[in-house]
Structures are given as structure tokens and as C-alpha cells.
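Some notes on the structure that comes next.
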Amino acid sequence: MGVRKAYEQDLTYLKQEILNMGKYVKYAFDQSLLALKTNDNQSLAREIVTDDKNINSMELKIMDAATLTIAKQQPVATDLRRCIVALKMASDLERMADIAVDIAKASSRLSENRSREDIDQLIDMAEIAKQMFDQAMEAYENQELMHAQRVASLDDHVDSKYKLFIQKQLRQNADEVLLEDITQLSFIGRYIERFADHTTNLAEWVVYEVNGHHFDLN
């Protein structure tokens, strides 16, 4: 096998591992939202925590592979950016998996009388975040800048919905039980907003990989 062919295989491997990691993160996020929707969330929270350990291992695997590729091949220009982006995206994806764990844990602390209206608002916000994530990962897979740029406009929608949600929570007159729900729901809103922010980071790394420019999509 030629040196360049082996080199390309290393870079392809990194990209495929990022895409695989993305699938696990999306599943974890979906499961965390299911925990939010249902009262049977303790078992879901435990499952997400277990899966998070696997995602952490994937990040370390990608870090090792990218570091080895840089050491062996001493890449420059586009090839070096591909390695750097794999490292950066793996870091963001790992944090997003942590956020899924946080959502599940906060959901498990909600009372059985949780506000369905509030839950629906959070799910609506999360659905936009999921659209962002799909766009960002598709942009990475196909090096499609238009998909990456759409992520920014969707993030604005998430931010607006989060602001309205928090304002609503702060206006409520809470008794002791309701106050705990308000607290946990506010945390979950923040976690979803942070998931969207990390997705914007993913899109920014795609832009950097394609054209070498750092561009703040926020």
C-alpha cells in the first residue's frame, strides 16, 4: 500500500469515527428527551449514563488516532485541518453527550405533576436543536457549507425560545413542590440551549475544515 493511500485511510477513519460518535450522541439526546416526556425516567437516566461512558471512550480513541496521524504523517494545510477538526468535534460531541446525561438526571427530579405545557415547550426547543445537529453532521460528512450556515439561523430560534421559557418560569408563583419543578425545568432549558451552542461549534469547525477560515456563526 502506498504512503498516500495509507494516509488517506487514516483521515477517512477519523471522519467515520466522528460520524459514528455523532450517531451515539444523537441517540443519547433522543433518550434524554424521552426521559423528559415520561415518568419512567430513572431507568432511562441509568441507560444514558452507561452510554455516556462509551462515548467518552470514543472521544479518547479519536484523540489517539488523530495524534498518531499527525505524528506519523506531519500533515499540512487541508490535511492538518482535517485532523484538528476531528479533535475539536470529538470534544464538542463528548460535551453534548454529557448534556444528555444532565437532561436525563434533571428530568428524574421532576414531580409527577410536572407542567405538560412546559414540557412541550422544551421538546419544541429540543426539536430545533436536533435539526441543527442533523444539519451540522451532514455538513461535516459532505463538506457542505450551506448546511453549516443554516445552523446559525436555527440557533437564533433556540435562543429566542429559551429566553421566553425562562421568562415564563420566573413569572410563576411557586410553592415548595412547584419551585423544584421550576428549577429543574429551567436547568433543562439551559442544557438544551447549550446543546444547540455546541452544535453551532460543530458547524464552525466544518467551515474551518473546508476553507481554512475561523467564522463565528453566533
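The values are calculated or read from the model by the stated rules, or taken from the named source; none is laboratory data. This is a predicted model, so every value here is computed, not measured. Methodologically, a virtual Cβ is constructed for each residue, glycine included, from the backbone with ideal geometry; neighbour enumeration extends over all protein chains shown.
If you scan the stretch 114-130, which residues turn out to be among the polar types (S, T, N, Q) and in contact with a Lys or Arg (Cβ under 9 Å, 6 or more places away or on another chain)?
First pass over the stretch 114-130, keeping only residues among the polar types (S, T, N, Q): 115, 121.
Listed by number, the list holds a single entry, 121.
Considering each residue of the stretch 26-33 in turn, at least one proves to be in a helix (DSSP H, G or I), of a type in the set (Phe, Trp, Tyr) and within 30 Å of residue 114 (Cβ to Cβ).
How many residues are in contact with an Asp or Glu (Cβ under 9 Å, 6 or more places away or on another chain) and either surrounded by fewer than 21 Cβ atoms within 10 Å (Cβ to Cβ) or over 12 Å from residue 199 (Cβ atoms) (or both) if we restrict to the stretch 153-162? I'd like the intermediate steps shown before the answer.
Filtering the stretch 153-162 for residues in contact with an Asp or Glu (Cβ under 9 Å, 6 or more places away or on another chain) gives 155, 158-159, 161-162.
Narrowing further to those that are either surrounded by fewer than 21 Cβ atoms within 10 Å (Cβ to Cβ) or over 12 Å from residue 199 (Cβ atoms) (or both): 159, 161-162.
Residues flagged as in contact with an Asp or Glu (Cβ under 9 Å, 6 or more places away or on another chain) and either surrounded by fewer than 21 Cβ atoms within 10 Å (Cβ to Cβ) or over 12 Å from residue 199 (Cβ atoms) (or both) within the stretch 153-162 amount to 3.
Go through the residues of the stretch 207-217 one by one and say whether even a single one is without any contact (Cβ under 8 Å) to a residue 40 or more places away in the chain, part of a helix (DSSP H, G or I) and either in contact with a Phe, Trp or Tyr (Cβ under 9 Å, 6 or more places away or on another chain) or basic (Lys, Arg) (or both). Checked against the condition, which is being without any contact (Cβ under 8 Å) to a residue 40 or more places away in the chain, part of a helix (DSSP H, G or I) and either in contact with a Phe, Trp or Tyr (Cβ under 9 Å, 6 or more places away or on another chain) or basic (Lys, Arg) (or both), the stretch 207-217 yields no hits at all. Hey, among 97, 104, 77, 65, which residue is closer than 24 Å to residue 138 by Cα, under 15 Å from the mean Cα position of the chain (by Cα) and of a type in the set (A, V, I, L, M)? Being closer than 24 Å to residue 138 by Cα, under 15 Å from the mean Cα position of the chain (by Cα) and of a type in the set (A, V, I, L, M) holds for just one of 97, 104, 77, 65, which is 97. For the stretch 106-125, state whether one or more residues are more than 23 Å from residue 30 (Cα to Cα) and assigned to a helix (DSSP H, G or I). No: the stretch 106-125 contains no residue that is more than 23 Å from residue 30 (Cα to Cα) and assigned to a helix (DSSP H, G or I). In this structure, residue 65 qualifies as assigned to a helix (DSSP H, G or I), hydrophobic (A, V, I, L, M, F, W, C), more than 17 Å from residue 188 (Cβ to Cβ) and touching a residue at least 12 places away in the same chain (Cβ under 8 Å).
For residue 200, indicate whether it is without any contact (Cβ under 8 Å) to a residue 40 or more places away in the chain, assigned to a helix (DSSP H, G or I) and either touching a Ser or Thr at 6+ places or on another chain (Cβ under 9 Å) or of a type in the set (Ser, Thr, Tyr) (or both). Judged against the criteria, residue 200 is not a match. Taking the stretch 165-190 as the range and being touching a helix residue (DSSP H, G or I) at 6+ places or on another chain (Cβ under 8 Å) and of a type in the set (A, V, I, L, M) as the test, the residues that pass are 166, 174, 182, 185, 188.
One line per residue, one yes/no per condition, for (1) modelled with pLDDT of 95 or more; (2) under 30 Å from residue 164 (Cβ atoms); (3) not basic (Lys, Arg):
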{"position": "83", "(1), (2), (3)": "no, no, yes"}
{"position": "88", "(1), (2), (3)": "yes, no, no"}
{"position": "95", "(1), (2), (3)": "yes, yes, no"}
{"position": "100", "(1), (2), (3)": "yes, yes, yes"}
{"position": "108", "(1), (2), (3)": "no, yes, yes"}
{"position": "113", "(1), (2), (3)": "no, yes, yes"}
{"position": "128", "(1), (2), (3)": "yes, yes, yes"}
{"position": "132", "(1), (2), (3)": "yes, yes, yes"}
{"position": "144", "(1), (2), (3)": "no, no, yes"}
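Restricting the stretch 132-142 to residues that are over 11 Å from the mean Cα position of the chain (by Cα) and in contact (Cβ under 8 Å) with a residue 12 or more places away in the chain, the residue that is nearest to residue 12 (Cα to Cα) is 141. Checking every residue in the stretch 155-164 against the condition of being of a type in the set (Gly, Ala, Ser), closer than 23 Å to residue 32 by Cα and either modelled with pLDDT of 95 or more or part of a helix (DSSP H, G or I) (or both) gives at least one match.
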